[in-house]
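Peer 1: First, the structure itself, so that you have it in front of you.
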2 protein chains.
Amino acid sequence: MSTVMRRPQPLITLGHRGRSASSQPISSLMSLALANPATISLAAGFVDNATLPVEELGTISGELFADPRAAREALQYGTVVGDEDLRRGIAHRYFAVQPERHAERMILTAGSNQFLQLASECLLDPGDIVLCASPTYFVYLNILRDLGARARGVGTDAEGMIPDELEGALRHLATAGELARVKAVYLVPDFDNPAATTMSLERRKQILQVLENWRDRATILLIVDNAYRELRFEGEDIPSLSDLGADPERTVESGTFSKNLAPGLRVGWGVTPEPLYTAMTRRKGIIDFGSPHLNQRLVAGILNSGMLDEHLRRLREAYRAKRDAMIAACDEYLRPIAGVAYDVPAGGLYVWLTLPEGCAAGPDGELWKQALDKGVLYVPGQYCYPEEGDRVATNTARLTFGVQPPERLREGIRLLAEAIRTSGTRGNPEP
Amino acid sequence: MSTVMRRPQPLITLGHRGRSASSQPISSLMSLALANPATISLAAGFVDNATLPVEELGTISGELFADPRAAREALQYGTVVGDEDLRRGIAHRYFAVQPERHAERMILTAGSNQFLQLASECLLDPGDIVLCASPTYFVYLNILRDLGARARGVGTDAEGMIPDELEGALRHLATAGELARVKAVYLVPDFDNPAATTMSLERRKQILQVLENWRDRATILLIVDNAYRELRFEGEDIPSLSDLGADPERTVESGTFSKNLAPGLRVGWGVTPEPLYTAMTRRKGIIDFGSPHLNQRLVAGILNSGMLDEHLRRLREAYRAKRDAMIAACDEYLRPIAGVAYDVPAGGLYVWLTLPEGCAAGPDGELWKQALDKGVLYVPGQYCYPEEGDRVATNTARLTFGVQPPERLREGIRLLAEAIRTSGTRGNPEP
């Protein structure tokens with residue numbers, strides 16, 4: 001006699017999208033750190049709590065709710081592409097050339113991240129290639145990984161992506177028969193994340209020239225991420241790639257009010273040519289019917305009131321002071337260590353650190369262990385390297401001066417210097 | 001001598017996700033209607049502008065911005081799953097059984113639509129089957145279509161999905177060797193969209209019993225959409241499926257503050273068991289890092305203040321009056337037409353209309369043309385039918401009393417009756 005054993009039915013079976021959903025590599029590191037509240041985080045790219053425009057948004061919000069008609073409109077569903085008044089305000093603020101046309105091609109999203117994710121999702125098939133600076137924004141690399149796309153690194157210097165390296169990468173891919181897979185170039189021209197570089201006017205023109213040279217051989221979209229553009233501490237704004245003549249039919253520009261105003265609003269934007277505009281709008285309609293109308297009306301109120309520029313003056317001053325504090329601490333504690341290098345960023349939130357050759361800054365490395373032990377946290381630079389096309393420098397780290405006050409920045413850098421020394425890196429001449 | 005002609009390079013080549021992004025079938029109909037501003041829309045499921053809680057949200061917003069520490073927190077990034085205080089508030093409000101556990105399994109999203117989309121995206125592979133009431137929420141059908149999943153209709157009566165029909169559908173699919181493809185049952189137990197039905201206590205228990213019967217043979221997730229649950233005009237709340245003992249390891253419950261508070265906030269929520277919770281959280285992290293913290297704090301403020309119940313009293317009264325106005329108009333203008341049928345909904349925003357046999361209410365039908373011509377808009381019922389499993393009744397229409405004031409409701413129904421008569425439907429005994 002035999003008993004038929006039935007295999008127990010699983011409780012839930014995920015589909016392939018659920019099974020392959022990967023966590024941000026960085027998030028497990030961050031939760032590690034939170035276990036010790038005394039840890040000084042120079043890692044997460046949050047903004048400075050003290051700079052958040054409570055008074056300004058309180059005023060605008062008060063005005064909005066004092067006008068029942070306007071408030072009702074803000075509390076009702078908006079459109080999928082977002083509030084027209086805000087789209088026009090953004091377009092006129094950020095584009096000198098054809099602002100009205102940009103407003104018509106703009107989609108307001110949940111931060112610029114949703115815009116970049118939607119654009120990439122609609123553009124890319126698995127195996128498609130996006131050329132990125134090496135290093136580049138690790139969260140965007142994760143978006144690409146999630147879509148099964150390939151990120152290929154292009155060499156950089158103090159001005160960001162090197163035009164000759166971009167040309168070389170395209171030639172290499174053409175020779176390898178992979179040119180048809182190259183779908184986009186992703187750039188953060190101002191105060192890049194993580195390397196804090198800014199592309200000069202000449203550099204921008206050269207990059208556009210390379211794309212122009214390949215125009216008839218390849219179908220490459222230029223994706224420009226302007227997240228940090230307004231956090232300039234010194235010098236003059238450099239025209240955007242769109243204003244410098246980037247082909248509007250092959251250029252996407254995105255921006256956000258997370259860094260210059262408040263991330264808790266989740267108001268981002270992007271401009272895109274057809275047919276991507278239609279595809280993205282449809283996908284956003286399926287996902288969330290459009291981002292919160294209330295938040296869009298608040299940001300429109302800030303723009304229309306002229307408060308943003310006054311706020312930006314204070315914000316830049318605050319971040320400049322914190323940048324100075326971090327750089328002063330680096331000069332004091334890190335510069336004496338042979339093999340350590342960093343540049344002084346002219347804006348943004350980051351300092352990119354090159355450590356002595358052989359210093360293992362990754363999550364399995366000795367420096368990471370020592371730093372955790374001493375109570376300081378950074379982003380291992382290796383997360384910021386595309387998987388193809390350029391060597392991964394494991395002796396690098398991204399530091400941010402965004403969150404901590406000056407004295408904690410100084411203490412964090414001191415602890416990091418200790419950790420570097422203790423981790424016994426080669427190239428370190430003294431104990 | 002030959003000239004090599006190079007085929008011009010396309011400006012942009014979309015990936016398969018971009019190419020297949022479909023528009024909401026309804027959106028083109030809606031834009032048609034907007035061309036004539038005099039048109040009375042009984043179509044879009046918007047909420048009544050006049051009922052939006054301007055004063056309440058103004059008060060909560062004023063209190064928030066008057067407390068710089070709380071305001072700064074609200075303006076900073078939140079977490080991917082959303083504000084803990086709000087999650088606990090929701091769990092204690094909507095779940096009698098194990099509220100704390102529900103809070104821990106809750107994700108706050110951009111309306112409940114984003115929750116339903118994320119859950120479906122993580123759960124379903126192309127070709128997977130979701131069993132739905134026939135008719136059901138057409139926007140959810142579009143989510144399934146977009147994922148390449150199959151929606152299969154299950155017969156309904158005045159209490160929603162019929163347990164015997166669900167049992168029959170499962171037997172049929174088992175016989176056809178397709179049981180392993182059945183991944184979920186989607187239900188709107190209270191004031192369903194579009195049919196306005198509410199499942200009785202007994203009906204809920206019977207549906208749970210069918211799922212229990214199949215528990216060891218199939219892996220079926222119960223997806224419960226509570227969008228309209230709090231818009232009850234009369235009678236007592238019926239316990240939710242979770243509180244009636246639905247298996248917490250195989251049940252998803254979602255809800256939203258779009259209908260009971262304000263859609264412009266885009267605050268929705270859902271509770272889900274593992275491994276879906278982890279997969280959805282990861283995907284949301286990749287897409288938007290979490291929904292706006294500010295909006296979550298505003299809703300938490302409304303919940304904590306106790307204002308929601310007072311607001312709901314007024315809201316129910318307002319919608320009840322509008323329901324009564326629409327039903328009175330139906331009784332006056334539609335009931336005399338042979339073959340027209342409708343029930344009086346006990347809540348929600350909709351009246352489901354069955355028209356005379358042969359009346360073509362679809363977008364290519366005579367009734368649609370006549371209605372547009374006379375200036376009244378409805379949702380063709382055929383959009384609400386899953387593609388498989390049950391016949392599509394083209395002689396149906398969804399009407400909403402949510403948006404228009406009573407006198408416009410009356411006029412809209414009068415015009416609709418005229419359109420039905422003019423369209424010369426069989427079964428209409430008089431001119």
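Taken together, the values in this text are just the output of simple stated rules run on the coordinates, not laboratory data. Note that the structure is predicted; figures quoted are calculated from it, not measured. All Cβ positions, even for glycine, are placed from backbone atoms using ideal geometry, and neighbour counts span all protein chains on display.
Peer 1: Only Lys, Arg, Asp and Glu count, each charged at its Cβ (+1, +1, -1, -1), so figure out the dipole size of region B:76-228 about its Cα centre, rounded to 20 debye. List each step's numbers first, then the result.
Peer 2: Numbers: 16 positive and 21 negative charges, 39 e Å.
Rounded to the nearest 20 debye, it is 180 debye.
Peer 1: Could you order the peptides A:206-218, B:146-158 from most to least packed, using the average number of other C-beta atoms within 10 Å per residue? Before the final figure, lay out each step's value.
Peer 2: Numbers: A:206-218: 16.6, B:146-158: 19.2.
Packing order, densest peptide first, comes out as B:146-158, A:206-218.
Peer 1: I want to make sure I understand the PRE zone here: with the label point 7 angstrom from the Cα of A:Arg314 toward its beta carbon, which residues in region A:251-265 have backbone N atoms less than 15 Å away?
Peer 2: Under 15 Å, as judged by backbone N against the label point of A:Arg314, lie A:260-262 of region A:251-265.
Peer 1: Let me ask another. Using a label position 7 Å from Cα in the Cα→Cβ direction, what is the ascending list of nm distances from B:Glu84 to the same site in the other copies?
Peer 2: Spacings between copies for this position, smallest first, are 4.5 nm.
Peer 1: Taking only C-alpha pairs under 8 Å that are 6+ residues apart, what is the relative contact order of chain B in percent? Before the final figure, lay out each step's value.
Peer 2: On the way: 756 pairs, mean separation 99.5, N = 431.
Once divided by the residue count of chain B, the mean separation gives 23 percent.
Peer 1: Specify the residue with the greatest mean-square fluctuation among B:Asp237, B:Asp331, B:Asp364, computed from a Gaussian network of chain B linking alpha-carbon atoms under 10 Å apart.
Peer 2: Taking springs between Cα atoms under 10 Å, the residue moving most is B:Asp364.
Peer 1: Next up: For B:Ala176, which inter-copy label distances result when the label point lies 7 Å beyond Cα on the Cα-to-Cβ vector, reported in nm to one decimal and in ascending order?
Peer 2: For B:Ala176, the inter-copy label distances come out at 4.5 nm.
Peer 1: With point charges of +1 on the Cβ of Lys and Arg and -1 on the Cβ of Asp and Glu, referenced to the Cα centre of chain A, which listed residue (A:Ala361, A:His16, A:Val271) lies farthest in the positive direction of the dipole?
Peer 2: Farthest towards the positive end: A:His16.
Peer 1: Can you run phi through the Karplus equation (6.51, -1.76, 1.60; θ = phi - 60°) for region B:348-354 and list ³J(HN,Hα) in whole Hz, with x for Gly and Pro?
Peer 2: Result, rounded to whole Hz: x, 10, 10, 10, 9, 10, 9.
Peer 1: Here's something else I'd like to know. Please state the shape class of chain A: rounded when a/c is under 1.5, otherwise prolate if a/b exceeds b/c and oblate if not, all from the C-alpha gyration tensor. Let's see the in-between values first.
Peer 2: Working: a/c = 1.27, a/b = 1.15, b/c = 1.10.
Here chain A falls in the rounded category.
Peer 1: Let me ask something additional. Under the rule a/c < 1.5 gives rounded, and otherwise a/b versus b/c splits prolate from oblate, where does region B:286-351 land using the Cα gyration tensor? Mind showing how you got there, number by number?
Peer 2: Values: a/c = 5.44, a/b = 2.18, b/c = 2.50.
It comes out oblate by the Cα gyration axes.
Peer 1: In addition: Suppose every K and R has +1 on its Cβ and every D and E has -1 on its Cβ; what is the size of the dipole of the protein assembly as shown about the Cα centre, in Debye to the nearest 20? Let's see the in-between values first.
Peer 2: On the way: 94 positive and 110 negative charges, 233 e Å.
Its charge dipole is roughly 1120 debye.
Peer 1: So, R0 is 35 Å and r is the distance between the beta-carbons of B:Asp373 and A:Ser200; what FRET efficiency does that work out to, to 0.05?
Peer 2: 0.05
Peer 1: Taking springs between alpha-carbon atoms closer than 10 angstrom, which of A:Arg72, A:Arg297, A:Arg335 fluctuates most in the Gaussian network model of chain A?
Peer 2: Among A:Arg72, A:Arg297, A:Arg335, the largest GNM mean-square fluctuation belongs to A:Arg72.
Peer 1: Running a GNM on chain A with Cα contacts under 10 Å, which residue among A:His172, A:His102, A:His311 ends up with the highest mean-square fluctuation?
Peer 2: Highest fluctuation of the listed residues: A:His172.
Peer 1: Suppose you put the label 7 Å out from Cα in the Cβ direction; list, shortest first and in nm with one decimal, how far A:Glu274 is from each other copy's label.
Peer 2: Sorted ascending, the copy-to-copy spacings read 4.9 nm.
Peer 1: Shape verdict for region A:34-123, please, from the Cα gyration tensor: rounded (a/c under 1.5), prolate (a/b greater than b/c) or oblate. Don't skip to the end; give the middle numbers.
Peer 2: Details: a/c = 2.01, a/b = 1.26, b/c = 1.59.
Oblate, because a/c is 1.5 or more while a/b does not exceed b/c.
Peer 1: Also, quick follow-up: Output the Kirkwood hydrodynamic radius of the protein assembly as shown, Cα pairs only, in Å rounded to one decimal. Walk me through the intermediate numbers first.
Peer 2: Working: mean 1/r = 0.0346 Å⁻¹.
For the protein assembly as shown, the Kirkwood estimate is 28.9 Å.
Peer 1: Amide H to amide H, which residues 5 or more places from B:Glu388 or on other chains are under 5 Å from it, using H placed in the peptide plane?
Peer 2: Result for B:Glu388 returns B:Ala151, B:Gly153.
Peer 1: Around A:Gly45, which amide H atoms from residues at least 5 apart in sequence, or from another chain, sit under 5 Å from its own amide H, with H modelled in the peptide plane?
Peer 2: none
Peer 1: At 30 angstrom or more along the helix axis (alpha-carbon based) and mean Kyte-Doolittle of -0.5 or higher, what helices does chain A contain? Whole DSSP H runs only.
Peer 2: On the way: long enough: A:307-329 (33 Å, -0.70).
TM-like helix candidates: nothing returned.
Peer 1: At 0.36 nm per residue, minus the direct Cα-Cα distance, what do B:Glu100 and B:Ala158 gain on full extension? Give it in nm, one decimal, please. Numbers along the way, then the final one.
Peer 2: Working: separation 58, 0.36 × 58 = 20.88 nm, distance 3.43 nm.
Roughly 17.4 nm would be gained on extension.
Peer 1: Given the rotation that superposes chain B on chain A, what residue of B brings its beta carbon nearest the axis, and what is the distance in Å?
Peer 2: Axis-proximal residue of B, distance in whole Å: B:Ser61, 3.
Peer 1: Sum up the lysine pairs in chain A that clear both bars: alpha-carbon distance under 26 Å and a spacing of 8 or more or different chains. All intermediate terms of the calculation are to be shown ahead of the outcome.
Peer 2: On the way: A:Lys183/A:Lys205; A:Lys183/A:Lys284; A:Lys259/A:Lys284; A:Lys259/A:Lys322; A:Lys322/A:Lys374.
Lysine pair count for chain A: 5.
Peer 1: Which values of log₁₀ I(q)/I(0), to two decimal places, follow from the Debye formula for region B:54-305 at q = 0.08, 0.12, 0.16 Å⁻¹ with a uniform point scatterer at every Cα?
Peer 2: Debye intensities relative to I(0), on a log10 scale: -0.31, -0.69, -1.18.
Peer 1: Pick out, from B:Ala74, B:Ala262, B:Thr156, the residue whose Cα sits farthest towards the positive end of the charge dipole of region B:54-305, with +1 on the Cβ of Lys and Arg and -1 on the Cβ of Asp and Glu.
Peer 2: Farthest towards the positive pole: B:Ala74.
Peer 1: Which one, A:Leu86, A:Val185, A:Leu123, projects farthest toward the positive side of the charge dipole computed for chain A from Cβ point charges (K/R +1, D/E -1)?
Peer 2: In chain A, that residue is A:Leu123.
Peer 1: Let me ask something else. Only helical DSSP H runs with n ≥ 4 go in: add -39500 (n - 2.57) per run for chain B, normalise by residue count and round the 222 nm mean residue ellipticity to 500 deg cm²/dmol.
Peer 2: Details: 15 runs with 174 residues, N = 431.
It comes out at -12500 deg cm²/dmol, rounded to the nearest 500.
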